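The values are calculated or read from the model by the stated rules, or taken from the named source; none is laboratory data. The structure presented is a predicted model; accordingly, all values stated were derived computationally and were not measured. Cβ atoms come from the backbone with ideal geometry, glycine included; neighbour counts cover every protein chain shown. Heavy atoms of the whole protein, side chains included, go into the accessibility calculation; ligands, DNA and RNA do not. Shrake-Rupley method; radii C 1.70, N 1.55, O 1.52, S 1.80 Å.
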Amino acid sequence: MAFKCAVVGAAGGIGQPLSLLLKNDPLVKELSVFDVIPLAAGVAADLSHINTGAKVTSHHGFDGADIRAALTGCDVVVIPAGVPRKPGMTRDDLFKINAGIIKGIAEAVADACPKAMVCVISNPVNSTVPIFAGVLKAKGCFDEKRLFGVSTLDIVRANTFVAELKGLNVTDVNVPVIGGHSGVTIVPLLSRTTPACEFTQEEAEKLTHRIQNAGTEVVEAKAGAGSATLSMAFAGARFANSVMKAMNGEDITECAYVYSSIQDGVSFFSTEISLGKEGISKINPIGKVSDFEQKNIDIATDALKANIAAGENFLSA
Ligand code: NAD
Ligand code: LMR
C-alpha cells in the first residue's frame, strides 16, 4: 500500500530535497507540497515532471485554509518548517519564532488529518514536540503513538563517524542515539554499536563530542547561510520511509524523540522504538550502557526537563 504524504515547509532548504526524496519513494502515492511562500508552487511544478509514481499537489499561503487543504487526507506529515540557526546561535535561540510556527501547524494537523503520523523536524525539537503534543491534547486528538521528533540525523552522523574511525562499511553500522536533539541531550550509545566495536575512553569522548556538535559543524561551515539541509533531508526521508514500511506491516526499529515514560523525570525522550501499523508499537528500554553513557544520560535528562517545560509553558502562557 502507498500513502499520501505532506511536506510542510517544502520550499525551504530541507523541504526541497526532502520532497525530492519522497517523490522518489515508491511508498508515496501522493506528495502534498506546502509552504507559506509561493515558491511551493514552483517546487511542485518541478517535482511533477519526474517520472515516478507519486502524484504531486501543492498549496501555499498564510491563510489557515491553505495548510488545511494541503493536509486533508494525509497519512504522513513531515515538518521542516521554521527558521534555521546561524553561527553563534543555539537551537533554543530558535524557540521564539519556531514555537509559534509549530503551534499553528499542529492546529492545522488536528483539524485536517488528526490520525496522520507526524514527523517534526523543526528546531528546537526538544521543545517543539511537546508543543505539538500539547496542541493535539487540547484539540482532543493526541495519539502518543503517532507523534515523532525526528532525531535520525544524529544516528546517520554517528554511523558515519564510527565507520570512518573503525574502517567499516558505513551502511552496515548502527549506533543508537538517545535523549534529545541538541547539544548535551544527544547521547550516542557507542557501547551498543553494531557490528560490535571497541572504543577507548578517549575515542568514546571524542566521538560523543563530535556527534553532539555535528549540527554546529555544518552551521559554521555554511557561515550564516543556514544549517544542515541535505543530510537532514536524507535522514527525514529515511524516517518517513520507516514509518510507511511499518504501516505496511514490516517490523522496524528507529530512534525517535517521543512521548515516553521510559526515563524518570521527563515526559519526552528518545530511545529505540518499534514501529508498527498504528505507529509506535513499543518503546524499548534504554538497556545496558557504559558508565560514561549513563553519566551523559543523566546530564541529558536534566537539560531536557528545561526544554520540555519551555514548550509546555509556551502553551499555558
Ligand atoms: P529554511 O529557512 O531553508 O526553510 C524553512 C521553510 O519553512 C521556508 O521555506 C519557510 O517559508 C517555511 N515556513 C515558515 N513558516 C512556515 C509555516 N508556518 N508553514 C509552512 N512553512 C513555513 O530552513 P531549513 O534549513 O529547511 O530548516 C528548517 C528547520 O529544520 C529549522 O528549524 C532547523 O533548525 C530544523 N532542522 C532540524 C534538524 C533535525 O535534525 N531535526 C536538522 C536540520 C534542521
Ligand atoms: C542539526 O543537527 O544539524 C540541526 O538540528 C540543525 C542545527 O541547528 O544544528
Cα centre as origin, Lys/Arg/Asp/Glu Cβ charges: the chain dipole, Debye | 560
Sequence neighbours fewer than 8 away in the same chain don't count; with that in mind, list the lysines whose C-alpha is under 28 Å from residue 137.
-> 4, 96, 103, 115, 145, 245, 277, 282, 305
Among 143, 92, 63, whose mean-square fluctuation peaks in a Gaussian network model of the chain (Cα, cutoff 10 Å)?
-> 63
Could you tell me the largest-minus-smallest coordinate of the C-alpha atoms of region 1-115 on each of the three principal axes, in descending order and whole angstroms?
-> 42, 31, 25
For region 134-181, divide the Cα radius of gyration by the Kirkwood radius and give the resulting Rg/Rh value with two decimals.
-> 1.25
Rounded to the nearest whole number, the Stokes-Einstein translational diffusion coefficient of region 72-197 at 10 °C and 1.306 mPa s (Kirkwood radius, C-alpha pairs) in µm²/s is 100
Largest fluctuation, 18, 165, 189 only, Gaussian network model of the chain with Cα springs under 10 angstrom, belongs to 165
Estimated D of the chain in µm² per second, where Rh is the Kirkwood radius over Cα pairs and Stokes-Einstein applies at 25 °C, 0.890 mPa s = 126
Pulled fully out, how much extra length does the chain show between residue 230 and residue 295, if you take 0.36 nm times their separation in residues and subtract their Cα-Cα distance?
-> 20.2 nm
In µm²/s, what is D for region 215-317 at 37 °C and 0.692 mPa s, where D = kT/(6 pi eta Rh) by Stokes-Einstein and Rh is the Kirkwood radius from Cα pairs?
-> 204
Could you tell me which of 121, 89, 36 has its Cα farthest along the dipole of the chain towards the positive end, charges placed at Cβ (Lys, Arg +1; Asp, Glu -1), taken about the Cα centre?
-> 36
Helical mean residue ellipticity (222 nm; -39500 (n - 2.57) per DSSP H run of 4+; nearest 500) of the chain | -14000 deg cm²/dmol
What's the extension gain from residue 282 to residue 51 if we count 0.36 nm per residue and subtract their Cα-Cα distance?
-> 79.4 nm
Extent along principal axes [Cα atoms of region 125-226; Å; largest to smallest] = 50, 35, 24
So, with +1 on the Cβ of K and R and -1 on the Cβ of D and E, and no other charges, what is the size of the charge dipole of region 231-317 about its Cα centre, to the nearest 20 debye?
-> 200
Per residue, how many Å² of accessible area does the chain show with a 1.4 Å probe?
-> 42
May I ask you to evaluate 6.51 cos²θ - 1.76 cosθ + 1.60, the Karplus curve with θ = phi - 60°, for each residue of region 140-150 and list the ³J(HN,Hα) values in order in whole Hz, giving x for glycine and proline?
-> x, 9, 6, 10, 4, 7, 10, 10, 10, x, 7
Show me 98-105, 135-142 ranked by packing, highest mean number of other Cβ atoms within 10 Å first.
-> 98-105, 135-142
In the chain, carbon and sulfur make up what percent of the accessible area (probe 1.4 Å)?
-> 54
If amide H atoms are built 1.01 Å from N in the plane of the peptide, which residues on other chains or at least 5 residues away come under 5 Å of the amide H of residue 56?
-> 31
Taking a quarter of the surface of the Cα convex hull of region 71-132, what do you get in nm²?
-> 3.8
Reachable lysines, given that their alpha-carbon falls under 27 Å from the alpha-carbon of residue 166 and they are not under 8 places away in the same chain | 206, 288, 295
Taking the Cα centre of region 145-260 as origin, sum charge times position over the Cβ atoms of Lys and Arg (+1) and Asp and Glu (-1), and report the length of that vector in debye to the nearest 20.
-> 380
Once amide H atoms are placed 1.01 Å from N in the peptide plane, what residues at a sequence separation of 5 or more from residue 186, or on another chain, have their amide H within under 5 Å of its amide H?
-> 180
Starting with the highest mean, order 149-159, 249-259, 278-288 by the number of other Cβ atoms within 10 Å, averaged over the residues of each peptide.
-> 149-159, 249-259, 278-288
Percent antiparallel among DSSP beta bridges with both residues in the chain, to the nearest 5?
-> 45
